[in-house]
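One structure is given here, and the rest of the page talks about it.
The values are calculated or read from the model by the stated rules, or taken from the named source; none is laboratory data. Small disclaimer: the values here were computed from a predicted structure and weren't measured. Cβ placement follows ideal geometry from the backbone for every residue including glycine, while neighbour counts extend to all protein chains displayed. Areas reflect the complete protein model, heavy atoms only, side chains present, ligands, DNA and RNA absent. Shrake-Rupley method; radii C 1.70, N 1.55, O 1.52, S 1.80 Å.
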Amino acid sequence: MSIHDIPDEDLRRGDVACTILCQMDFATNPQNWWLGYGPLTAGGVAYQGTGDVIKIGALSVTFGMSAGMVRFETPAASPEMVARCHNQSTEVNNRRCQLFYQLFSTVERDGEHQGRLIGDPISMFQGVMRGMRSTSSADSRVIELEAYGRMSRQAKPPYGRWTDADQRARFPGDTGMAFIAGLKDKAITWVPGT
């Protein structure tokens, strides 16, 4: 669904707000949550409200792209949450994360209640999670998680570089690129055929 599928009269009244929905596909326990309180069902998916427990860093959203990185932070993490955070690379790394806008009405109108959802969720970011870490001090505990969009690797080569190390990572035991480094400044004299 896109914003264009919602009738103009709903959008132009000035009584529409939005919230953010998040789907995190952890390996053993996928989570769906939204930045509000209590349960919410939108687009056939149930979300649990987190209130102000989870904060989302500044989003840079471009039309039709999921570039960049999104940082999630739990500033008042419990000791149990911090303990579960350690050694979670298989649970978190390279797992899907998706953010949505969800529009809702801020007033009661025509017998429909305040807070009613308008349309289905609108996807605004899709990427993969990486880099869950925690920091603890005497008076605070923070958990951070980063998700990278599909365009965040734009400057990196898709299959690695033409180096011996990258070739051996792709094909263990292959020594075909072992001599590349030695060819860097080597002058090659071509003998024309006779």
### Query
Could the peptides 130-137, 37-44, 170-177, 99-106 be put in order, highest first, of the mean number of other beta-carbon atoms found within 10 Å of their residues?
99-106, 130-137, 37-44, 170-177
### Message
Given R₀ = 41 Å, what would the calculated FRET efficiency be for Asp25 paired with Glu108, taking r from the Cβ atoms and rounding to 0.05?
### Response
0.70
### Residue-by-residue Karplus 3J(HN,Hα) for the stretch 161-170, coefficients 6.51, -1.76, 1.60, Hz, glycine and proline x
9, 8, 10, 4, 5, 5, 5, 5, 5, 6
### Task
Compute the whole-percent fraction of alpha carbon pairs in the stretch 69-146 spaced more than 18 Å apart.
58 percent
### Query
Per-residue accessible area for Leu59 at 1.4 Å probe radius, Å² rounded to 10?
60 Å²
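Of the heavy-atom accessible surface of the stretch 97-148 (probe 1.4 angstrom), what whole percent is carbon and sulfur?
46 percent
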### Task
Calculate, for the stretch 74-150, the solvent-accessible area per residue in square angstrom, rolling a 1.4 angstrom probe over the heavy atoms of the protein chains.
57 Å²
